[in-house]
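The values are calculated or read from the model by the stated rules, or taken from the named source; none is laboratory data. Note that the coordinates shown come from a computational prediction; the quantities given were computed from them, not determined experimentally. Glycine also receives a Cβ, built like all others from the backbone with ideal geometry; neighbour counts cover every protein chain displayed.
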Amino acid sequence: MKKNELKLQVAAAIQACLDKKAEELSILEMEKGSGAFTDYFVLCSGTNPRQVQAIADEVELRLKAANLRPTHVEGYKQGEWILVDYLDFVVHVFSEKARKFYDLERLWKTARRLEPSELKPEPRRKAAPATKTKAKSPKSPKKHAVAPRRSKA
């Protein structure tokens, strides 16, 4: 998957969390050699099980609209820690209590913390537009068409 496309998907998941009033949003970019099975973790909290479920629902709904479905969802019924796995990134929606208990930010402390604004895709670099320049030709005198001369015979 292209890096810009992945960033757009993660940004959509983050916006879905924010739209449902998720708290303590955290984005971790996983290191290549860390043993992590994904590129990004999106972590957030809800104040009660219904809000935790609503956040997870909104993430799925938003990404489904972009034709992306999770490969696995875990913990939905309990509403304490819902894990929504999209392979290249994982969204973790916690209750406040579960978030403190599992403390994934401490567990993955080597991961780089990002701000949502850092996930905006880089603009494509456009090639310099080709400019058409007419080669200037030296001015030459205009030649008039001359009809061939008839010979008298």
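For segment 78-122, the set of residues classified as part of a helix (DSSP H, G or I) and touching a His at 6+ places or on another chain (Cβ under 6 Å) is empty.
Scan segment 98-118 for residues that are of a type outside the set (Asp, Glu) and in contact (Cβ under 8 Å) with a residue 24 or more places away in the chain and jot them down.
Pass one, segment 98-118, residues of a type outside the set (Asp, Glu): 98-102, 104, 106-114, 116-117.
Within segment 98-118, 99, 104, 108, 110, 111, 112, 113, 114, 116 meet the criteria.
Restricting attention to segment 68-82, which residues are among the β-branched types (Val, Ile, Thr) and over 23 Å from residue 96 (Cβ atoms)?
Narrowing segment 68-82 to residues among the β-branched types (Val, Ile, Thr): 71, 73, 82.
Listed by number, the list holds a single entry, 71.
Can you pull out every residue in segment 78-95 that is at pLDDT below 95 and out of contact with any helix residue (DSSP H, G or I) (no Cβ under 8 Å at 6 or more places or on another chain)? The one that is at pLDDT below 95 and out of contact with any helix residue (DSSP H, G or I) (no Cβ under 8 Å at 6 or more places or on another chain): 87. The set of residues in segment 2-54 being crowded, with 19+ Cβ neighbours inside 10 Å, touching a Gly at 6+ places or on another chain (Cβ under 7 Å), of a type outside the set (Val, Ile, Thr) and in a helix (DSSP H, G or I) consists of 53 alone. Every condition in (1) surrounded by fewer than 18 Cβ atoms within 10 Å (Cβ to Cβ); (2) farther than 21 Å from residue 12 by Cβ is met by residue 67 except one, and the failing one is (2).
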